[in-house]
1. Check the range 41-56 and report whether any residue there is modelled with pLDDT of 90 or more, within 16 Å of residue 70 (Cα to Cα) and surrounded by 12 or more Cβ atoms within 10 Å (Cβ to Cβ).
2. Hey, residue 75 hits all of (1) in contact with a helix residue (DSSP H, G or I) (Cβ under 8 Å, 6 or more places away or on another chain); (2) buried (at least 16 other Cβ atoms within 10 Å of the Cβ) but one; which does it fall short on?
3. In the range 12-55, what residues are touching a residue at least 24 places away in the same chain (Cβ under 8 Å), touching a helix residue (DSSP H, G or I) at 6+ places or on another chain (Cβ under 7 Å) and in a strand (DSSP E or B)?
């Protein structure tokens with residue numbers, strides 16, 4: 001996970017999400033307590049995305065990184081996935 005301005009000291013950026021999409025609420029419902037949306041989302045080249053595109057950066061506290069990874073693996077591969 002990369003650094004993103006303005007990431008707080010103990011936060012990590014976990015990606016961009018649609019500001020009014022279901023992803024944020026779904027992650028909250030799975031138990032992420034420190035999840036927050038930032039103001040400016042950036043593309044892969046570091047250029048700001050237009051507000052009209054509807055994306056916001058998504059941040060979590062480092063303490064929830066493992067939980068976030070577990071949730072994302074389950075959302076991607078289903079609830080019966082397991083590491084090797």
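1. no
2. All conditions pass for residue 75, except number (2).
3. If the condition is that a residue be touching a residue at least 24 places away in the same chain (Cβ under 8 Å), touching a helix residue (DSSP H, G or I) at 6+ places or on another chain (Cβ under 7 Å) and in a strand (DSSP E or B), then 12, 14, 17 are the ones that fit.
The values are calculated or read from the model by the stated rules, or taken from the named source; none is laboratory data. Note that this is a predicted model, so its numbers are computed, not measured. Cβ: placed from backbone, ideal geometry, glycine included. Neighbour counts: every protein chain shown.
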